[in-house]
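The structure appears right after this line, and notes come after that.
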Amino acid sequence: MQALAALLRVALAALFLVAIAVAGSPAAAQTQSVNPTKNAVSEQQLLQQSKTVRGLGSIPDAKSYTLEQPAGRDWRRFHEVTLRWIGGIAILGMLAVLVIFYLSRGMVRIEAGRSGYTIVRFSWFERFVHWMTAVCFVILALSGLNITFGRSLLLPLMKPESFTTFSEWAKYAHNYLSFPFTLGVVLIFFLWIAGNIPTRVDVAWLKRGGGMIGHDHPPAYRFNAGQKLIYWIVVLGGGAAAVSGYALIFPFYGTTIETMQQAEMVHSIVAMLFIAVMLAHIYIGTIGMEGAFEAMGSGTVDLNWAKEHHSLWLEEERVRAQMDSSKPQPTIVTGQ
Amino acid sequence: MARMKFLCDADRCIECNACVTACKNEHEVPWGINRRRVVTLDDGQPGERSVSMACMHCTDAPCQAVCPVNAFYTTADGVVLHSKDICIGCGYCFYACPFGAPQYPRVGNFGSRGKMDKCTFCAGGPEPDGSPAEYEKYGANRLAEGKLPLCAEMCATKSLLAGDGEVIEEIYKERVAKRGYGSGAWGWKTAYRGTVSS
């Protein structure tokens, strides 16, 4: 019985081996004929086809299916080299221009001197919107510049931990103050759009250089061409900064790494130029021109200032005051 | 000093994800973050390949270059590490990274970014080697114990190689010579500016 079992086992084993040999030989022939590299995906080819190499994975995070995106190297070059040059030239260049201008031209005086009479230029709401946007802008600008230049300019002066604490608070400020800033830009757009449509008067104003050189005073309505330019820079630049900024605050909401890189490039370039332009705006609103700051400070300006810088606007206001005869000249108030 | 590198032999990877799991377990990686992942290219097509990818610890690392607070440092072994105490979670390293390595726990405002987390080549962080503080922030420091990254040590087909760049390059070249094919060292050109000559 045992001998029979052993015989059976040997027979089975032999049968099994034969089966393997039969099944194996075509399989072996097949592996020899197939070149495993022939169709294999190649990194070089994939990178030539597209900037990112994407596949499939088995973890739920679909973002991780991107294998490689060498574009990060280009973005790095932009951030390390290009942006610093753009920012440095725009901001330091503007500062230099303003210093030279101030030294050569000095403060633009009210030529006729103060009249002692003032006229309302901006309502409390207009001033509130201006200063809300302005305060947010200054903090956004400084915290943003810290991200680009802080490491080379501030970090050497501080302990790394203190710089991190500062930068982290700056980041929170940057993120949260973006909301009142954006609201301010939207309000500015609606508040002053009526006075900021370019007209033929602006062409004449620009042709005379805005009266910047010499003692020229080209006529202007409520906003002259320079102010209109600032208005549109704030509306369009602020809008672009807001849109690109929110793309970065909310990562992967309809964006990929590549679009976020582009958003960061738009955001930073717009911001650098915006800062440079705002430096000029701050200059002309403070030490650059006598009687200008009051417009946004107390909301009223001297009659002679209005006569010199916004002659057509003053006429408009006068006509309006005369037509509204029920109230005796409500906008012109006796000054100090 | 050795220059530590990763090399994934895609012709051997069977997409078992053991490296992913090993990494998550070894370092108790936060929820939602995978320091390593396996990506399958041309899935279901002839010539399909799977590649296990994590931080490649680049030469002249872009993350380190763009970090606004200088949170990164490269060790003498060429491992790119970062300090979670210095990181402000701005997201710049993950714009710059060619391999999608930096990830953020969603603890920040607007559900965005907390302190960045990424592969450490099992080498911990700036805290003292093997300290509880180091383990909590970065996971195990196997390199300090003389061990190589667990993902590669665990790899059943020895597809994923980790260690001295010259040594693993030699191993890979031998394999390619012996079997007669190889789809190349994925990511090496981007990470190390050179690829294995085979």
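Observations on the model:
- The calculated pair-distance distribution of the range A:36-153 uses every alpha carbon pair, bins of 5 angstrom beginning at 0, and gives 2, 7, 8, 9, 10, 11, 11, 9, 7, 6, 5, 4, 3, 3, 2, 1, 0, 0, 0 percent.
- The modelled label-to-label distance for the pair A:S58/A:S123, using points 7 Å beyond Cα in the direction of Cβ, is 6.6 nm.
- Rg in Å to one decimal, and Dmax rounded to a whole Å, for chain A via C-alpha atoms: 34.7, 133
- Net charge over other residues, Cβ less than 11 angstrom from the Cβ of A:W313 (K, R count +1; D, E count -1): +2
- When chain A is described by a simple charge dipole with +1 on each Lys and Arg Cβ and -1 on each Asp and Glu Cβ, the residue from A:P251, A:Y117, A:S104 located farthest towards its positive end is A:P251.
- For chain A, size of Cβ-based charge dipole, Lys and Arg +1, Asp and Glu -1, in debye: 420 debye
- The mean number of Cβ atoms from other chains found within 10 Å of a Cβ in peptide B:43-54 is 4, as a whole number.
- One chain, two ends: A:H215 and A:R109. Fully extended at 0.36 nm per residue, the span grows by 37.2 nm beyond their Cα-Cα distance.
- Above-threshold pairs, the threshold being 24 Å between Cα atoms, out of A:K63/B:K158; B:K5/B:K137; A:K159/B:K147; B:K24/B:K189; B:K24/B:K173; A:K171/B:K189: A:K63/B:K158; A:K159/B:K147; B:K24/B:K189; B:K24/B:K173; A:K171/B:K189
- Packing around the peptides A:114-125, B:26-37, taken as the average count of other Cβ atoms within 10 Å per residue, puts them in this order, highest first: B:26-37, A:114-125.
- Partner lysines whose Cα lies under 26 Å from the Cα of A:K207, excluding those fewer than 8 positions away in the same chain, are identified as A:K228, A:K307.
- Protection-proxy order for peptides A:83-90, A:50-57, each taking the mean of Cβ atoms within 10 Å per residue, highest first: A:50-57, A:83-90
- Cβ-Cβ FRET estimate between A:I89 and B:K178, R0 fixed at 56 Å, reported to 0.05: 0.45
- Taking a ≥ b ≥ c as the square roots of the eigenvalues of the alpha-carbon gyration tensor, the range A:163-220 is classed oblate because a/c is 1.5 or more while a/b is no larger than b/c.
- When the GluC sites (Glu not before Pro) in the range B:119-198 are filtered for DSSP coil states and for at most 11 other beta-carbon atoms within 10 Å of their beta-carbon, no site remains.
- Cβ neighbours within 10 Å from other chains - mean over A:257-267: 2
- For residues of B:143-155, the mean tally of beta carbons on other chains within 10 Å: 0
- Based on the reciprocal of the average 1/r between different C-alpha atoms, the Kirkwood radius for the range B:4-192 equals 17.0 Å.
- Net charge, A:K228 excluded, C-beta distance under 14 Å - Lys, Arg +1, Asp, Glu -1: +1
No lab work stands behind these numbers, since they all come straight from the coordinates. Keep in mind that what you see is a predicted model, and the values were worked out from it rather than measured. Counting neighbours? That spans all protein chains shown, and the Cβs are built from the backbone with ideal geometry, glycine included.
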